[in-house]
Ligand code: GAL
């Protein structure tokens, strides 16, 4: 019966079999011409996935965190319409992604295809795709590298070509490829450019080879709407910043804004960190319940511009804010470039409001001089001209976000 989450043993079997996944993966992402070699890193293809998509981290929404297996066409089309009505499309949100549980339990005996559940999807997936495309948006789907998905629906193992062709035929633009129930065996074919997310839970040091297979890859097991998850995934990701660039994104998992009891400050940090570490941002809540504050966070134009920058593909990276800056885990001070200039992000990892200070000269690439400090949250310059050090009071678990510009 579908509906259960993968057990530890299921995950372990999947892990052992992941050796084969890079060979399977190109069937759904790009053509594979290399020889079969041993070892997951050694066997990842060298050409990389399609460059016709996936240059920037995905911006969108996904069914899983909001609905798990209880999905239907109406929720998904509603989400697409909400992208338009809530201004999220104008803000850059593009992908409306269907996660696990969209299929019937067995493949079609005649066509060999995975059929959509007709109760959940009376117009099929292509019917949903048409409605999403008509809104100028893109559609994502989910499959699995093993025999079955994590919720025990049909997986793509041994059916990669038919599934790739089916997804392309339906007009799919993005594939999340999960890792449950994987043993071996596959073939391949070129396909429609589909943005390819490896849902590999951070296993097998995926950040070292993931870009040779897909456009993004999960860095850990599933998210939860908790401060401890946010802190732990930032800590993990900060160790692998060299893996992040155009076509190459560490996936910190889908967004929890709107779920659970995160404070407003924690939600700001959740969003800002996914932005400045260039993770895919896939909203994961019933968007009709988003508050004005939550919408303001996820629609912040300046943060989205940093995330979607077409010139600078890398993340912001930690820097030593002052000579005596305390060492925290994760680091609190980050700097990085966008087309607009130099940015500084400051996370207050502590449990109470604190004054945070950085020296302009400590920001890599900057030196002494006079600066304007622009607050990316308010969209306003902080009044005055600053030099030497800058101090700000940051609420518990909040993140300050600035554009720093040297004055002539
Ligand atoms: C997990 C995955 C989740 C969700 C779920 C569906 O393996 O990490 O994001 O896709 O499977 O069953």
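The values are calculated or read from the model by the stated rules, or taken from the named source; none is laboratory data. None of the values given here were measured: they were computed from a predicted structure. Glycine also receives a Cβ, built like all others from the backbone with ideal geometry; neighbour counts cover every protein chain displayed.
The table below gives the values:
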| read-out | value |
| --- | --- |
| Which listed residue, of 341, 314, 284, 369, is touching a strand residue (DSSP E or B) at 6+ places or on another chain (Cβ under 9 Å) and at pLDDT below 95 | 369 |
| Near pairs, Cβ below 7 angstrom, 6+ apart or cross-chain, from region 210-229 (in the same structural domain as residue 396 (by TED's automatic domain parsing) and under 21 Å from residue 56 (Cβ atoms)) to any residue that is part of a helix (DSSP H, G or I) and within 11 Å of the ligand (Cβ to nearest atom) | none |
| Among residues of region 287-311, those that are touching a residue at least 40 places away in the same chain (Cβ under 8 Å), out of contact with any strand residue (DSSP E or B) (no Cβ under 6 Å at 6 or more places or on another chain), assigned to a helix (DSSP H, G or I) and farther than 14 Å from residue 88 by Cβ, counted | 1 |
| Within region 150-165, tally of residues that are crowded, with 23+ Cβ neighbours inside 10 Å and without any contact (Cβ under 8 Å) to a residue 60 or more places away in the chain | 1 |
| Residue list for region 236-254, restricted to those being assigned to a helix (DSSP H, G or I) and either touching a strand residue (DSSP E or B) at 6+ places or on another chain (Cβ under 7 Å) or under 15 Å from residue 345 (Cβ atoms) (or both) | 237, 238, 241, 243 |
| Residue among 243, 223 that alone is more than 12 Å from the ligand (Cβ to nearest atom) and in contact with a helix residue (DSSP H, G or I) (Cβ under 9 Å, 6 or more places away or on another chain) | 243 |
| Single match in 171, 124 (criterion: away from the ligand (no atom under 15 Å from the Cβ), closer than 19 Å to residue 215 by Cα and touching a helix residue (DSSP H, G or I) at 6+ places or on another chain (Cβ under 8 Å)) | 171 |
| Condition met for residue 158 (more than 20 Å from residue 75 (Cα to Cα), away from the ligand (no atom under 16 Å from the Cβ) and assigned to a loop (DSSP other than H, G, I, E, B)) | yes |
| Cross-chain or 6+ apart pairs with Cβ under 6 Å, region 183-200 first and within 28 Å of residue 253 (Cβ to Cβ), then surrounded by fewer than 20 Cβ atoms within 10 Å (Cβ to Cβ) and at pLDDT 55 or above | 191/168; 192/168; 193/52; 193/53; 195/53 |
| Meets criteria (within 15 Å of the ligand (Cβ to nearest atom), more than 20 Å from residue 167 (Cα to Cα) and either surrounded by 19 or more Cβ atoms within 10 Å (Cβ to Cβ) or modelled with pLDDT under 95 (or both)) for residue 97 | no |
| One residue from 234, 244 being within 16 Å of residue 400 (Cα to Cα) and in the same structural domain as residue 202 (by TED's automatic domain parsing) | 234 |
| Considering residues of region 55-74 that are more than 26 Å from residue 243 (Cα to Cα) and away from the ligand (no atom under 13 Å from the Cβ) only, the residue surrounded by the fewest Cβ atoms within 10 Å (Cβ to Cβ) | 74 |
| Residue match in region 100-115 (condition: in the same structural domain as residue 165 (by TED's automatic domain parsing), within 21 Å of residue 199 (Cα to Cα) and either more than 16 Å from the ligand (Cβ to nearest atom) or assigned to a helix (DSSP H, G or I) (or both)) | no |
| Filter result for residue 321 (more than 15 Å from the chain's Cα centre (by Cα) and surrounded by fewer than 18 Cβ atoms within 10 Å (Cβ to Cβ)) | no |
